[in-house]
Amino acid sequence: ETGVTQTPRHLVMGMTNKKSLKCEQHLGHNAMYWYKQSAKKPLELMFVYSLEERVENNSVPSRFSPECPNSSHLFLHLHTLQPEDSALYLCASSQDLGTANYGYTFGSGTRLTVV
Amino acid sequence: GESVGLHLPTLSVQEGDNSIINCAYSNSASDYFIWYKQESGKGPQFIIDIRSNMDKRQGQRVTVLLNKTVKHLSLQIAATQPGDSAVYFCAENGPSNTGKLIFGQGTTLQVKP
């Protein structure tokens, strides 16, 4: 384990379902991120949170809704997804936004399949 | 926008040989670079980093080379082992205090026994 834990590891959901992805870190980090990883594409930044405030929404469709209730937890709420949303969703953290330049700690990801 | 790219999607090497994975970056203002390793079913793991004021940095069995003239980054793995099989990404720092990293597409390293 890297210190960033994501659940569930795998998720299959229908297009009309509502589900949530969970990320938890106990590294004392103040910044957390959601990334989407699709086959043969670079990691795509979705959301950035710093001290529980969203500081970046990288043109992500509203069917993805993040939530950061405290500095240790980050959620990604999903509803009415499309098959093209199937991907590996990675959570990451860094001490703060400034030190993110020196790298993140990633979770193992949630493999999402939309059917 | 700026992007970091990798030259080859797949690299196949014999166990024991040296591996070289390449990356081209486009933002000449980037001053920090990272290599990540992602094994199957896992998230990316930090391997080694290098600042723009350096040309070379060595770790345990890994070396990163930076050529700022041609904006090229490489990762060298000595005596490649089966456990090195993974996808390797390079990343460069994004704008200051945004938390952003810019990632390349990844090279899959396959190690043949």
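Condition first: among the hydrophobic types (A, V, I, L, M, F, W, C), within 14 Å of another protein chain (Cβ to nearest Cβ) and either under 13 Å from the mean Cα position of the chain (by Cα) or open to solvent by 70 Å² or more (accessible area, probe 1.4 Å) (or both). Can you find one or more residues in segment B:57-68 that meet it? Checking segment B:57-68: at least one residue is among the hydrophobic types (A, V, I, L, M, F, W, C), within 14 Å of another protein chain (Cβ to nearest Cβ) and either under 13 Å from the mean Cα position of the chain (by Cα) or open to solvent by 70 Å² or more (accessible area, probe 1.4 Å) (or both).
In segment B:1-23, the residues that are closer than 30 Å to B:G94 by Cα form Cβ pairs under 6 Å with partners that are open to solvent by 80 Å² or more (accessible area, probe 1.4 Å) and at pLDDT 80 or above, at six or more places apart or across chains, as follows: B:L6/B:Q105.
Among all positions in segment A:38-45, there is at least one residue which is exposed (fewer than 15 other Cβ atoms within 10 Å of the Cβ), modelled with pLDDT under 90 and not hydrophobic (A, V, I, L, M, F, W, C). Within segment A:7-32, the residues that satisfy the criterion of being under 21 Å from A:E84 (Cα atoms) and open to solvent by less than 50 Å² (accessible area, probe 1.4 Å) are A:P8, A:L11, A:M13, A:G14, A:L21. Which of (1) facing chain A (nearest Cβ under 8 Å); (2) open to solvent by 10 Å² or more (accessible area, probe 1.4 Å); (3) touching a residue at least 60 places away in the same chain (Cβ under 8 Å); (4) not aliphatic (A, V, I, L, M) does B:K42 not meet, given it meets every other one? With respect to (1) facing chain A (nearest Cβ under 8 Å); (2) open to solvent by 10 Å² or more (accessible area, probe 1.4 Å); (3) touching a residue at least 60 places away in the same chain (Cβ under 8 Å); (4) not aliphatic (A, V, I, L, M), B:K42 is out only on (3). Taking strands (runs of 3 or more DSSP E) as the structural unit, those lying wholly within segment B:56-113 and holding at least 2 residues that are charged (D, E, K, R) correspond to B:56-58. The condition of being surrounded by fewer than 19 Cβ atoms within 10 Å (Cβ to Cβ) and either more than 20 Å from A:K22 (Cβ to Cβ) or more than 13 Å from every other protein chain (Cβ to nearest Cβ) (or both) holds for only one of A:D96, A:D85, that being A:D96. Scanning segment A:99-112 for residues that are surrounded by 19 or more Cβ atoms within 10 Å (Cβ to Cβ) and out of contact with any Gly (no Cβ under 8 Å at 6 or more places or on another chain), we see that the one that is nearest to A:Q6 (Cα to Cα) is A:T110. Any residue at all in segment B:3-16 that's open to solvent by 40 Å² or more (accessible area, probe 1.4 Å), within 25 Å of A:C91 (Cβ to Cβ) and within 12 Å of chain A (Cβ to nearest Cβ)? Within segment B:3-16, one or more residues are open to solvent by 40 Å² or more (accessible area, probe 1.4 Å), within 25 Å of A:C91 (Cβ to Cβ) and within 12 Å of chain A (Cβ to nearest Cβ). The number of residues in segment B:47-86 being among the acidic types (D, E) and within 17 Å of B:T108 (Cα to Cα) comes to 1.
Against the list (1) within 16 Å of A:G107 (Cα to Cα); (2) touching a Lys or Arg at 6+ places or on another chain (Cβ under 9 Å), the condition A:M13 fails is (1).
Please go through segment B:1-37 and pick out each residue that is of a type outside the set (S, T, Y), over 19 Å from A:N101 (Cα atoms) and at pLDDT 90 or above. If the condition is that a residue be of a type outside the set (S, T, Y), over 19 Å from A:N101 (Cα atoms) and at pLDDT 90 or above, then B:L11, B:V13, B:Q14, B:E15, B:G16, B:D17, B:N18, B:I20, B:I21, B:N22 are the ones that fit.
The values are calculated or read from the model by the stated rules, or taken from the named source; none is laboratory data. Values in this document were obtained by computation on a predicted structure and should not be read as measured data. For neighbour counting, all protein chains shown are included, and Cβ atoms are generated from backbone atoms with ideal geometry for every residue, glycine included. To get the accessible areas, we keep the full protein, side chains included, count just its heavy atoms, and leave off ligands, DNA and RNA. Shrake-Rupley method; radii C 1.70, N 1.55, O 1.52, S 1.80 Å.
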